[in-house]
Structures are given as C-alpha cells and as structure tokens.
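Step one of this worksheet: look at the structure below.
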Amino acid sequence: MEDSVSVKSSDSTAVSDEFEIINGQTVVTASSLPQLKIAGDGSLEGLWQCLGEMLKEDIDNNQKQMSVDENDEAEHSQNESIEELGDVHQDCTIFNGVSYLGAAAINAPKSDTEIQRNMVILNESIVEAIKVSISIPSCSDGSVVLYDGVTNIIMQKYEICRILFYAHGKPNSNEAACFAFTWTHGDTLESSIFQCHVFRCDIPEAVGQVSACFMKAFQRVPKSLSTSINGELPTEGELLSNIGNIQVFVLDLTMDIKEDDGKGNFNAVPRDRSCFKLRCNIEKQVCLTITQVSTEGQKKLEVKRCFGVLIAPGKHVKHSDMQLLDMASMGSEKVDDTSYVITGLWDPKDPAFELLNTETEGKDKKVYLTVAVDLVVRGITEPVRLLVETLVRVYHQGERFWYFTRRPLVQPFSLNLKEVMSLDNEPNYEVVSIETSGEIDRSRLNLTLNNLASYIRSPSITSMDTLTPRDDYNSDGDEPLLSGTGNVSKDCSMSDLESWRDVLTKWSGARPRQLGPLVRQGIPEALRGEVWQRLANCDSDTAVMDNYRILITKESNCEAVIQRDINRTFPAHEFFKEGSGGGGQDSLFRISKAYAVHDTEVGYCQGLSFLAATLLLHMPEEQAFCVLLKVMYDYGLRELYKDGFECLRLRLYQLNRLMEEQLPQLYHHFQEKGVESHMFASQWFLTLYTARFPLYFVFHIIDVFLLQGTDTLFQVALALLTMCKKDLLQLDFESILKYFRVTLPKKCRNYEVARGLMKVACCIKVKKLKKYEQEFLDLKEAEENADKCTSELERLKCELVRSEEEKKRLEEQLVQVKDMLKREVEKAEEDNRRNSSIIDGYKAICERLDKEQQAAKNSLNSLLSLVASCEKCSHLELKIGANGSPTNNKGLEENDSHLMQRVTELELELAQAKLAQVEAECKNQDLTHKLGATLSEMQAARNSWPPWLSKTLTSIKEAAVNKGTLQRRESDSADPPA
C-alpha cells in the first residue's frame, strides 16, 4: 500500500523446508541451497560458519525457543520482562509484563498527535487491562505477535508491512510507560480500516527497549548498506555490475547541536575547525535537516517520517551501542517542502553519555560523536540510515566563548538506488549503496568536477548541479533578495582577537583610541553583542531591562499590526521562520510591543522590526531592547519617524546636496528621469539598511553606525551609489527603481564586495552636513513664509467671495424690505387720510353744533325778552340760571327735551369719532411694531451692511416715528373738551 511502511516483506522459509532428518542426521535439501546467502568473502570457512548458525537455529526452533542475538541477551539480563518463546518461527524479542489497553479507530494513522490523544484516553479510562506478552520481530519479514499473559496462547498477529506508525508516550507524563502502533486492515486504500493499538509496560524503562526493537523491525539493511555504514565502500566490480540501472540521489544532512540557555530556549553551540564545543550538564538538542540536492527533472524523494535519532560516543560504533533519543519534533519545512527537519532531545546526564558529559582534558584533545538517523522514504523498500561522525570538545558548564563559528555541519550522502518493479506503477527503488566522504566545505564548490570526485564518489554524477543547491540567495532573477539573507562567518584571526582583547581590557569608561579603526574594519561576530552594548552605553543599564519585563505585560493597540509584520521580518533567517523552533518571532513580537508601549509618540513603525530582529540575533531580549532605545533616542533615529517624517526630509535633502556635490552626473541623471531620493533612500535610513541587504553587510553598517552616528547613513548611501553609478546612468525610471529593489542588494552578496564597500564608505567625507541642514532650515522657513502668505491670500480671496455673496444676499433682502415697507407706508398713509377725513368731519360737526347751540341761546334769550315784555305772559314765573337758561318753565319742557336728545346724539357721534381715531392709532402702532421687528432681524447683519443702507433704514424709522407722533398730536389737538 502507498501509505504503509516502505518496507518490502519476503516469505521466510521454515527451517523444516530447508533441512531433512535422515537416519537421525540433519542434511541440507537441494531446494534450499539457492536460498543461502554467501557470508564473509565466500570462503569455505564462512559457509561452514553460516551452516552452523542455521543448524543451531533449527535446534532452537524444535525446542520452541527463539534465537536472540548477543545484544538481546544482554538486555535480557538487565530486564526481567524479556523472555524467549518459540510459538512463532521468527527471530524476535518477547516482552512480558505488558498490558494491552485496547484499540481505537483512527483517521490519521500517521499523526503522532492523534496517537498520543488515543493513548491518553485509553490509559486514563482502562482500569483493568489485559495482561499480555508481545513479540517484536528482528526484521521486516515478521509479525508483531500478542500472547495471553497467563496461557501464552497466541491472541493476534500484526504484520510489520501493515504497521504504519509507532509512537511512545511523552517522557515525564502519565503515558511515559505506554507505546502504540497503528495497523491497517484491508486490501486497498479505499477499503482500509486503521486502528491504533495501545500498550502499557509494567516497567517504564522497558519502553525504550521496545522502541529500539520496533526500529530494528522496520529495518531491512542490505549488505551494501551495512558495509557503507561500517565505513567500507563496495568494490568497483559491485558498482559496475549495477551501473546500468542505478540512479544517484544526493541528500545533504545538516546537523546542528543546541544547548539550553536557561530561559527555555535552545541556542546553537559554537563550532570551530569541524569540532562542536559543548558544555557539560546542559540539556541539548540534536537538529538534523535533510535536503535533497536534485537536478532539473530528477524525482523528488519524500521523507515520510523518521524512526529515530541515535547517538553514541566514539567512531565506528556498533548499532547496539547507540542510544535512542526522545523526539522533540519532525516534519517538512513550510517554506521548502524538500527539507525535512528532525529534532531530538539529548539528556547529557544519562549514564550512556558520560564520556560526552565529561570535560575534555588537554588543549587539543577531542572525542568523536556518532549520530545516526533512520528515515522512511517514499518509494524505497527499506529504511535509509544516514550516519555522521564528528569531533566534539566538552567544556565546563560555565564556559563562555568569546568568538565562535555557528556553522552547522553539512555532510552529503549519495544514495545509489536501483529501480524495481511495483504494482502501483510508481517508481520503487532498492538501496544499492549509501556513500559519503564526510563533511563538505561549501566554499570549495567551485572546484572542477575532477577535483570534486575526491570528495564524493558516485558512478553517475554528471554536473555540479547535483551538489549546488538552487537558492534564491544566489539567484540573479527578478525577485528581490529576502531580508535576513546571508551566512555570517564567525572566524576571527588570532591577531584580530588579540587586538580586541587589548581594547576590551582597556575599555572601562571612555572609548579607547584603538577602538575606531577596529570597529571600521568590522567587529568579530562573536563579540558583536557585547561591543554593540558598550558602544551604545547600555551594558550596565539594568533599570531599562527591568522596565522591559513590565512593558511586555501591558497591552498595546499596535499588537495586530505587529503580529502581521512578524512573518515579513527576516523570512530567510532560520531564527525567525515560522515553526522553526528558534523562538525568534515570539521575541520579536515582545520587543516590538514593548517599544510601542514605551514610546507612545512614535508607537510602532514597520521599519523598527528589522532593527530589533538584527539586535536579537546577537543578544537576549532585555539587552536588545536597551540597545534599541539607545539607537532610537541617543542616536536620533526616532526623529526620522516624528512630525510627519520632517527629519527624514532633512536627511534626504542632505543626501541630495551630497550627490550634487560628489556625484553630479548621477544627480542630474536622476533629475532628468524623475527619480527622487526618497524612492530608494527612505527605507535605507528608516531601517539602517537592515531590510534588504545581506546580514554580514548589515552587521558591518551597524558596527560603524554605533561608533560614529548619523554620518554613517550618508557614507554608505554614497558608497552604494558610487559603486553602481555606471549601471544607473544607463537606465530609465522604472529600471532604476527595480535596480535599487533587486539588483543592488544582490551585488552585495559577496563578502569581499560588502567589506570593500564599507571601507570606501568610511573614507567618504560628509563635513558639510551642518551647512546643508541650515540651508534646509532656511528653505523650510522661506517655504513656510510663502505658504503662510499663500494661505493668507487664499483666506482673503475666500473672505472676499463670501462678502460678495453676503452683499448680494443682503441686497436681495433689502429690496424685499423696501417693497414691504413701501406697502406698509402706503397702507399707513391711506389709513391716515381716512382718519384725517373723519377728524375733519368731526370738527365740522362740532362747529355746526356750536353754531346751532349759540343760535339756540340767542333765540332763547330773545324769546325770554319777548316773554318778559309781554303783559299776558308776565304772570309766568321764569327763573333764569346764572348761565341764562331757564330753570323752571313748564312751557318749555318739551323744547328742552328735544334739545337734550339732540345733544345726546351729538355726544354719541363724538364718541364714535374718537373710537375710530383710537382704532387708527392702534393700527399705526401695529405698523410701528412690525417695523421694529424687521429692524431687529436686520440688526444682526448691521455690522456688515453698507453705510448707506443703515442710514436709509434709520431715516425710514425716524420718519415713521415722527409721523406717528405728529398724528397723535393733531388728534389730541382736534378733540373737543369734554
């Protein structure tokens, strides 16, 4: 099956088929002769030895006992749970004292997480388990057999070829004594049912031996592989006999050893002169990366899983002497599926590793370390073992390495595979041989093919492409260079080391005189972390480090943005790759968030993450945060991010002036093509060149920057422009921008080119920066004044437009008010005319009544005189009052009544006239009130009215008031006395 273990089982011939008992003697049958494997060199002694072993095996089988090798017998003496039984004819190791917890259906038979979950569930839920014995075969042709723990009756068989995965419980957990394997039942992939069988050992230490036996069962090592493992190479005759059908696959095994730093992280140990430098009594990790170096069109070998990583002290060690490590992780890298990463946990306090945990005596004394990894590769019928032997030196636990090379061991392996027939039409291979010549130096890959043959022997290597990895770092395509690219060498000559030791010894307060030249040449990689802290004056700033631990606990509104940018920072560096286990992304997130909380004015800007990542590669988080604060505040980098990047504009102006002075031809070419300095230099200045260029160039720039400050930014920029001046003068706008984004960083890939650039940069003079800064400030002031005048002019123009619009609106309102006032005045005049006519009529009536009254009085007086002179009427007694009217005259009562009635009518008419006058005055007052309300509404806009409008309205108001006053006076003067 495609998903089953890539081992091919063969039917093992029973002993009874190979031998016959004739007359009490055991003889070899003819049918069995071709099945014998020639041992040793094919001599007669070797054949007799092989036959003796087979006869002994036959006798053991007849006695129902299983044959175990010397290693299994040694393990039996150490563990009482291992016994020999003979119910099944196979080489095996049987474990007693095992409890069968049960089986569970599983959908992902190769998922370690799923198996661990089932293991936990069954271990916790099963109270009384079934006591069994388990038989594990010694080769892939056998079966795992379960026996009843009491009766030794066979309960179940599981063929090795159908076992897909094996796992054991995690150390220091409740499942530490458990192990499990997944088994498939069915003939096709569609009809297969996967089951997970879980077991528990009464003795937890037996799990390690069970794991070793399963690993041995999964192996099927041919003679060619076993001789290669032991360091022997097959003869040329063996190779030539199979050369026609052999395909060569090259695998690079990269090995790194990491030690616990005491904070839960593992850091790579130093390695110098092909020797790892270890410290005793510190937990370690062995990290192995398997990468196929394939030519175009060659089949990709897929590593399905790793059976285990084994290590042992010494060289040419036996398999039984190697110790299996606990697995920490395994799987393909997300970025590149061709790489398979394996990490094993190494406890140096294990007694088996005593030699590797003891300080090495003597200056030049070293010990060998052998590491083996067993891989299951899809398409290869048996597991593949890659074996590495390297030198190590063990130091004291507190040893501190001032300089070292963090260069991993890279060893190529040539897999000579022979293609075999398969039922699924997929290419299957058998391992003919596995060859290696030891570690290869990548710097020597420019050798010719003839010289290269001495490093790797292979019958079918045809070109350098099989050994040279296709890396984007060395690509000259259109893709930009990823940030974090470039391996930094940690080699340092003894003379440089002595010079730095003298400087560091003298450096207690002020900077020593010899410090400047040494820094400009480049700080040794091993010393960069400490020297950077001293240059930034933060090597003893514990307050900031303590504050950092508080800042990372606070919340920031920039966390989402920081998390989004983490994956974009140094994606080419292993420390910052997602899921790499380096912990770089977590550290980068914390230090970025801490700075955002600390500096609320700047907060978080994308360029800061590149600088923080550069610092994290050389020092722990607390020290990196302290140096970051110094760079931002003391070196003025945060000024570039403030006030709308105003300081960045100043730096770009200074760069333009320097280009105009030192590179006039390139400056005018940029002006002609429309290329501005911010299009390429903004990122350089904001990130200190960390976002695009290789790491060894970036580190050297920061060396000089921490020494002399901002001048370094301009020196490096001018050096880069000088280097690529000829290329840039031939390009147009789009090509120039692409050149800065893609081509220029790739030109710095060579270490010598980068070193030469920094040497040129340190020689460039930038003494006129203060002058250019003053020019910028003057231009800025003039620009601000011009902007102020322009803004004032624009404001006045807008004010004028608004005034014109207001004037037009007021004129329209004035016309409306004039029309309204005209109508009201005409109405008031009409009312006044009507009231005047009424008053005139009233006056005429009053005059007429006065005349009639006077005539009546005169008539009365004449009548009285006439009566008084008449003798006949003299007897009437008439009394005339003081006013001349009669007081007692019965004859005149009727005449008096008529007169009184007439007077009453006149008085009534007078009252009506007065009433009409009052109504007219009321209407006049209403008009006056309306006029006042209108004037009140217009009062708000009085300040903006033209003077003539105010005068007109005032005159109208005064005229209306005066006219009303005049009418009231005339009315009052026209009223008759009561």
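The values are calculated or read from the model by the stated rules, or taken from the named source; none is laboratory data. What you are looking at is a predicted structure, and each value in this text was computed from that prediction instead of being measured. FYI the Cβ positions are ideal-geometry reconstructions off the backbone, even for glycines, and counts take in every protein chain you see. Ligands, DNA and RNA are excluded from the accessible area calculation, which covers all protein heavy atoms including side chains. Shrake-Rupley method; radii C 1.70, N 1.55, O 1.52, S 1.80 Å.
Of note:
- Only protein heavy atoms count here; under a 1.4 Å probe, Cys139 has an accessible surface of about 60 Å².
- The calculated FRET efficiency for Lys808 paired with Glu958, based on their beta-carbon distance and R0 = 22 Å, is about 0.20.
- Amide proton proximity set for Glu283, modelled H, under 5 Å, gap of 5+: Asp260
- Panel values: region 746-862, Kirkwood radius from alpha carbon pairs, Stokes-Einstein at 20 °C and 1.002 mPa s, translational diffusion coefficient 85 µm²/s.
- Of Val544, Val394, the order by accessible heavy-atom surface (1.4 Å probe, DNA, RNA and ligands excluded), from most exposed downward, is Val544, Val394.
- Region 106-159 - charge dipole about Cα centre, Lys and Arg +1 at Cβ, Asp and Glu -1, debye rounded to 20: 20
- Each peptide in 101-109, 163-171, 801-809, 905-913 was scored by the mean count of other Cβ atoms within 10 Å over its residues; highest first, the order is 163-171, 101-109, 905-913, 801-809.
- FRET efficiency, Asn267 to Asn567 (Cβ-Cβ, R0 30 Å, nearest 0.05): 0.85
- The HN-Hα couplings worked out from phi for region 687-695 by the Karplus form 6.51 cos²θ - 1.76 cosθ + 1.60 (θ = phi - 60°) are 10, 6, 6, 7, 8, 10, 8, x, 5 Hz, whole numbers, x standing for Gly and Pro.
- The alpha-carbon of Lys923 sits under 29 angstrom from the alpha-carbons of these lysines, leaving out residues fewer than 8 places away in its chain: Lys818, Lys822, Lys827, Lys843, Lys914, Lys951, Lys957, Lys963.
- Shape parameters for region 504-613, alpha-carbon atoms, Rg then Dmax in Å: 16.5, 46
- Think of region 734-875 as having a plus end and a minus end, set by charges on the Cβ of Lys, Arg, Asp and Glu; of Leu821, Thr790, Leu866, Thr790 sits farthest toward the positive end of this dipole.
- Amide H contacts of Met619: none lie under 5 Å away among residues 5 or more positions distant or on a separate chain (H built 1.01 Å from N in the peptide plane; Pro and chain starts excluded).
- Sequence-separation-based contact order of region 540-678, relative, with Cα cut under 8 Å and 6+ spacing, percent: 19
- Taking amide hydrogens as placed 1.01 Å from N in the peptide plane, the amide H of Asp91 sits under 5 Å from those of Ser138, each at least 5 positions away in sequence or on another chain.
- Sequentially through region 551-568, phi angles give Karplus couplings (6.51, -1.76, 1.60; θ = phi - 60°) of 5, 6, 8, 8, 8, 9, 6, 9, 4, 5, 5, 4, 4, 5, 8, 4, 5, 8 Hz, Gly and Pro residues having no value and appearing as x.
- For Glu847, the accessible surface of its heavy atoms amounts to roughly 110 Å² (probe 1.4 Å, protein chains only, rounded to the nearest 10).
- Of the listed residues Val675, Val127, the order by accessible area with a 1.4 Å probe, largest first, is Val127, Val675.
- Rolling a 1.4 Å probe across all protein chains gives Ser211 an accessible area of roughly 10 Å².
- With both labels modelled 7 Å from their Cα along Cα-to-Cβ, the Glu907 to Glu530 distance reads 13.1 nm.
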